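Structure record follows, encoded as structure tokens.
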Amino acid sequence: MLSLVVVNKPKDWNLHIPDVEVVSSKEYLTNSKYSEIRNARVYNLCQSYRYQGFGYYVSLLAEARGHRSIPNITTIQDLKSSSIIRIMSDELDQLIQRSFSRLKSSHFILNIYFGNNPVKNYENLCKQLYNLFQAPLLRAHFIYEDDKWQLQNIFPLPINQIPEHHKVHVIEFAYAYFAKKRIRSTHISRPTYDLAILVNPDEKAPPSDKKAIKHFIEAAEEEGLRAKVITKNDYSRIPEFDALFIRETTAVNHHTYRFARRALAENLVVVDDPVSIVKCANKVYMAESLKNANIPIPKTVIVHRGNKDELIETLGLPCVLKQPDGSFSNGVIKIHNKMSLEDELQHLFNQSDLIIAQEYVPTDFDWRIGVLDKQPIYACKYYMAKDHWQIYDWKPGGHKKDGAHETLPIEKAPPNIVKIAQRAASLIGDGFYGVDIKQSGNKIMVIEINDNPSIESGVEDLILKDALYAKVMKYFLNRIKLKKE
């Protein structure tokens with residue numbers, strides 16, 4: 001991918017960085033050769049992003065041409081919004097106070113060069129501000145007011161206003177910044193597109209273990225994708241990629257959702273996409289959707305304070321309460337008596353105005369059908385954990401005990417189970433989902449739809465092995481190509 005640094009006056013940029021072309025804003029906007037380029041990253045270092053100025057049009061036309069613009073139009077608008085700046089200031093409040101705790105003045109100017117500053121004490125704050133306001137050169141103005149430091153405004157820093165004593169550091173930061181994004185030339189065939197795989201190295205129960213992630217990376221290379229593992233600290237790198245594959249447990253009020261939203265805004269192929277995260281993360285939405293689609297589910301009540309006293313009569317005991325946004329059996333409580341029902345309801349109502357309650361359906365195992373692009377790709381039986389009523393038995397400290405598992409070829413799974421899983425997944429979208437189903441005699445019931453289903457080495461891949469990882473990577477490759485057409 002071609003890297004373009006766009007500036008008002010090329011003479012202001014005196015760095016010679018391999019594989020980076022420097023062009024004036026006027027040249028980029030008016031020379032037809034740049035409008036014909038289909039694959040470029042545009043680093044907009046214009047002196048101003050004012051509305052309908054050269055800097056504004058560089059980012060606007062970059063997006064129209066299918067180029068990756070840094071900053072993009074969304075970021076440019078955020079830099080002008082006092083309300084957005086105030087929200088971001090609140091979000092970083094603890095870091096801001098810690099960073100400036102020794103300052104005695106009432107004002108402070110912080111220059112941010114490619115996410116860095118020469119003073120190490122401000123390094124973390126600079127990275128976080130760059131993550132939120134993606135522009136290569138920034139100037140942030142802080143004031144001390146009401147006994148605390150606050151971000152008053154943040155705006156692009158013109159190249160010609162960089163202090164002389166900072167220039168040696170700016171050169172160092174620029175080389176490191178562009179080196180991360182430079183694609184090495186080679187005479188052999190190489191991957192065409194870039195895939196980011198978002199993981200949390202500290203997660204105790206991730207959807208994919210380290211071996212599975214390694215298999216995904218290998219499969220990506222085979223399909224013509226360059227896969228790289230990223231973490232929550234790499235938010236600023238999203239524009240580098242063509243696709244994002246989230247392999248940590250998702251939630252709406254969480255960085256995984258922000259990553260998905262940002263990736264979608266940058267026109268990346270995203271799994272899990274933000275709409276799927278929102279839908280699957282909330283069991284109230286899921287119960288309503290499944291019911292309206294006439295897909296069988298356990299007897300279910302959407303509980304609020306007005307109908308909570310009717311639960312025992314409606315569902316009987318034991319019954320199951322579900323926190324709307326729980327995952328991996330977390331937030332799912334089996335209720336045996338009226339006293340525990342009242343205690344758990346009160347606890348859950350402190351978090352949500354609506355709660356899911358369902359009849360208790362005892363089974364030895366749950367089916368999980370993996371569905372990708374509306375097609376089934378694996379079938380598993382997850383058996384209940386020993387001496388427990390769920391497949392995961394969570395212990396103090398966040399550790400869990402799993403039940404046994406059995407993986408079957410899709411064609412050996414009951415056809416009615418596979419068919420209903422496909423119907424249920426289609427209610428969410430055409431991404432990657434895991435549909436959990438209970439089978440009690442001839443009766444089948446969908447329990448939930450997961451937006452980031454497990455693929456672990458030796459479990460879900462037991463039948464297809466490498467072919468399972470290849471299916472997922474082919475999905476990404478095909479979707480990327482569709483976007484590029």
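The values are calculated or read from the model by the stated rules, or taken from the named source; none is laboratory data. Owing to the predicted nature of the structure, the values given are computational and were not obtained by experimental measurement. Note that each Cβ is placed from the backbone with ideal geometry, even for glycine, and that neighbours are counted across all protein chains shown.
Filter the stretch 379-410 down to residues that are of a type in the set (Phe, Trp, Tyr) and at pLDDT 70 or above and give me whichever is farthest from residue 453 (Cα to Cα). Step by step, filter the stretch 379-410, then rank; the result is 383.
One residue stands out in the stretch 291-308 among those that are part of a helix (DSSP H, G or I) and in the same structural domain as residue 447 (by TED's automatic domain parsing): the one that is surrounded by the fewest Cβ atoms within 10 Å (Cβ to Cβ), namely 292. Against the criterion of being crowded, with 16+ Cβ neighbours inside 10 Å and modelled with pLDDT of 95 or more, residue 467 does not qualify. Residues that are within 20 Å of residue 155 (Cα to Cα) and assigned to a helix (DSSP H, G or I) within the stretch 63-85 comprise 73, 74, 75, 76, 77, 78, 79, 80, 82, 83, 84, 85, listed in sequence order. For the criterion of being over 28 Å from residue 473 (Cβ atoms), of a type outside the set (Val, Ile, Thr), surrounded by 20 or more Cβ atoms within 10 Å (Cβ to Cβ) and at pLDDT below 90, residue 324 passes.
Against the test of being in a strand (DSSP E or B), more than 26 Å from the chain's Cα centre (by Cα) and either at pLDDT 75 or above or of a type in the set (D, E, K, R) (or both), the options 23, 58, 42 yield a single qualifying residue, 23.
Restricting the stretch 137-158 to residues that are of a type in the set (D, E, K, R) and closer than 15 Å to residue 101 by Cβ, the residue that is surrounded by the most Cβ atoms within 10 Å (Cβ to Cβ) is 148.
In the set 222, 288, only one residue is in contact with a helix residue (DSSP H, G or I) (Cβ under 9 Å, 6 or more places away or on another chain), surrounded by fewer than 18 Cβ atoms within 10 Å (Cβ to Cβ) and part of a helix (DSSP H, G or I); that residue is 222.
Could you please tell me which pairs satisfy a Cβ distance under 9 Å, a separation of 6+ or placement on different chains, a first residue in the stretch 39-63 that is over 17 Å from residue 9 (Cα atoms), and a second residue that is part of a loop (DSSP other than H, G, I, E, B) and aliphatic (A, V, I, L, M)? If the second residue must be part of a loop (DSSP other than H, G, I, E, B) and aliphatic (A, V, I, L, M), the pairs left are 39/1; 40/1; 41/1. Filtering 275, 229, 270, 252 for residues that are touching a residue at least 24 places away in the same chain (Cβ under 8 Å), assigned to a loop (DSSP other than H, G, I, E, B) and among the β-branched types (Val, Ile, Thr) leaves a single hit, 252. Can you report the number of residues in the stretch 255-279 which are closer than 19 Å to residue 63 by Cα, touching a Lys or Arg at 6+ places or on another chain (Cβ under 9 Å) and not hydrophobic (A, V, I, L, M, F, W, C)? Residues flagged as closer than 19 Å to residue 63 by Cα, touching a Lys or Arg at 6+ places or on another chain (Cβ under 9 Å) and not hydrophobic (A, V, I, L, M, F, W, C) within the stretch 255-279 amount to 2.
Of the residues in the stretch 168-181, none is surrounded by fewer than 17 Cβ atoms within 10 Å (Cβ to Cβ), more than 26 Å from the chain's Cα centre (by Cα) and either not in a helix (DSSP H, G or I) or not assigned by TED's automatic domain parsing to the domain that holds residue 49 (or both). Scan the stretch 10-25 for residues that are surrounded by 14 or more Cβ atoms within 10 Å (Cβ to Cβ) and under 23 Å from residue 53 (Cβ atoms) and jot them down. The answer is 10, 12, 13, 22, 23, 24, 25. Each residue in the stretch 279-293 was checked for being among the small types (Gly, Ala, Ser) and at pLDDT below 85, and 1 of them qualify. Among the conditions (1) at pLDDT below 95; (2) surrounded by 20 or more Cβ atoms within 10 Å (Cβ to Cβ); (3) not hydroxyl-bearing (Ser, Thr, Tyr), residue 370 misses just one, which is (1).
Scanning the stretch 115-136 for any residue that is surrounded by fewer than 19 Cβ atoms within 10 Å (Cβ to Cβ) and assigned to a loop (DSSP other than H, G, I, E, B) turns up at least one such residue. Condition test on residue 7, is it in contact with a His (Cβ under 7 Å, 6 or more places away or on another chain), aliphatic (A, V, I, L, M) and crowded, with 20+ Cβ neighbours inside 10 Å? When the stated conditions are applied, residue 7 does not pass them.
Residues that are over 12 Å from the mean Cα position of the chain (by Cα), over 24 Å from residue 449 (Cβ atoms) and small (Gly, Ala, Ser) do occur in the stretch 228-251, at least one of them.
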